[in-house]
């Protein structure tokens, strides 16, 4: 049995969830219920994950939906193999750097401009994940979400807060955006919201699969919405979209192996950080001490310096992943850390060759695990809604660089730097599953992955305590940025970090969203028991079958 630490310094407001025959966790209870319903019908982890993703598109459209992208890691218990699915979309074929400059946007696109819309990849991702790993038909899997959309659901408190912000920032101004409001306003906490248009979309997919989305009647409506707003996406861009199965990347960390999706996702930043951090003995440093937080912040600065340069579409600009993840490169980068002072001008290295999302996870009765993350990017994305279909379109193209010669520079048909990342941890000795986890939230995600992994592995925290622990965040993934510190980090520690040269700011209330919202399901291989936790910064929970 695992010996969990219940340190009262990080006392949880709730206990971890414990079960044996399957578990699901995400940021909305109704979405968790959808996953549990599918597990109860004999579905596996992939089926439950897609059911939750679809339900989240109904209950938390402030973060995710079928108009966005997703990534997934799947752990096959029978062969102890991890597979990675990249279901992110590409820039329209007519969108070029010259076109953007001609239109006067050489210094960057406005946040919600239609040029930031890349092809939505989630629908293809759901269908591809089920085709390879699922056990139930897509119609069965989408049924709980369709029911929620048709019958309506009471909006959760945190979601209501961000829905109101999304109406003010995007939906009120975007073509079709009022479809996701109640008479032009956001639904209030506890108010019933119905989305029959989204139910219609899901029914089309349930009947015809992803082809019905990308080549059927939805596609021309989607292209018309983008073009009507001034964008360049065409039905051809949609018809030629495809997901890719990738070789996952990993790094060994203190007897465990941490798995991430390869670029264009930023999971590489997590592994770079853990490789550097492994050279320090954290057992000598209390978790929320200035000394440990300083090390973790400096490690993330180095990881971001590399990530923001090297992460791009691997099909056009492959990163030297093997060299970047070598222990020798980590040792080289580790030497740049001053344990007494902050270094806010770290640059990317030269290895020798040899923010708004939802995260969900499910583990089934036989031990398969699915770690899946899905996003519109900035809340409702652009806020543009194809009329009559009930979902908004992402603004993921904001992730491109407009700097000529940069590996991540915008180009037709190219995937941008992607912030959303799922994760898994296995035991390094035999590849048994240890944990399926993730933390959503733009550039917070690799920082959240690192902090939660350290809590689970170094400090032996149970999943709920690991998620409850106060966090730091380097906003925007900028190596030279200031540092946000979550309310709950002691005042003397905040003061000490400032004296070490960190520009710090304490953040509380709804502002805590900057620190992400995570989920963890941990497998105790000795007892055969699942331990689950759900982030207190969101509305969700973990539920288990016994």
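Here is a yes/no grid of residues against (1) within 19 Å of the chain's Cα centre (by Cα); (2) at pLDDT 95 or above; (3) outside the structural domain of residue 45 (by TED's automatic domain parsing):
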site	(1), (2), (3)
371	yes, yes, no
378	yes, no, no
382	yes, yes, no
388	no, yes, no
445	yes, no, yes
466	yes, yes, yes
474	yes, no, yes
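Go through (1) surrounded by 20 or more Cβ atoms within 10 Å (Cβ to Cβ); (2) under 19 Å from the mean Cα position of the chain (by Cα) and name the single condition residue 83 misses.
Going through the list (1) surrounded by 20 or more Cβ atoms within 10 Å (Cβ to Cβ); (2) under 19 Å from the mean Cα position of the chain (by Cα), residue 83 breaks only (1).
Return the only residue of 398, 403 being part of a helix (DSSP H, G or I), farther than 30 Å from residue 252 by Cβ and modelled with pLDDT under 95.
Within the list 398, 403, the selection yields 398.
With (1) at pLDDT below 95; (2) outside any loop (DSSP other than H, G, I, E, B) as the list, and residue 108 as the residue in question, which single condition is left unmet?
Result: residue 108 fails condition (2) only.
Check whether at least one residue in the range 346-357 is at pLDDT 95 or above, outside any loop (DSSP other than H, G, I, E, B) and either within 21 Å of the chain's Cα centre (by Cα) or in the same structural domain as residue 196 (by TED's automatic domain parsing) (or both), and report yes or no.
So far as the range 346-357 goes, no, none of its residues is at pLDDT 95 or above, outside any loop (DSSP other than H, G, I, E, B) and either within 21 Å of the chain's Cα centre (by Cα) or in the same structural domain as residue 196 (by TED's automatic domain parsing) (or both).
In the range 449-470, which residues are over 25 Å from residue 367 (Cβ atoms) and surrounded by 24 or more Cβ atoms within 10 Å (Cβ to Cβ)?
450, 451 - these are the residues of the range 449-470 that are over 25 Å from residue 367 (Cβ atoms) and surrounded by 24 or more Cβ atoms within 10 Å (Cβ to Cβ).
What residue, of 187, 175, is farther than 30 Å from residue 367 by Cα, touching a strand residue (DSSP E or B) at 6+ places or on another chain (Cβ under 7 Å) and not in a strand (DSSP E or B)?
From the options 187, 175, the qualifying one is 187.
Quick check on my filter: what residues within the range 40-58 are more than 17 Å from the chain's Cα centre (by Cα), farther than 21 Å from residue 83 by Cα and buried (at least 24 other Cβ atoms within 10 Å of the Cβ)?
Of everything in the range 40-58, just one residue is more than 17 Å from the chain's Cα centre (by Cα), farther than 21 Å from residue 83 by Cα and buried (at least 24 other Cβ atoms within 10 Å of the Cβ), namely 58.
Mind listing whichever residues of the range 419-443 are farther than 17 Å from residue 362 by Cα and either under 18 Å from the mean Cα position of the chain (by Cα) or surrounded by 22 or more Cβ atoms within 10 Å (Cβ to Cβ) (or both)?
Listed by number, the residues that qualify are 419, 420, 441, 442, 443.
The values are calculated or read from the model by the stated rules, or taken from the named source; none is laboratory data. All figures in this text were calculated on a predicted structure; none of them were measured in a lab. With ideal geometry, Cβ positions are generated from the backbone for all residues, glycine too; neighbour counts draw on all protein chains shown.
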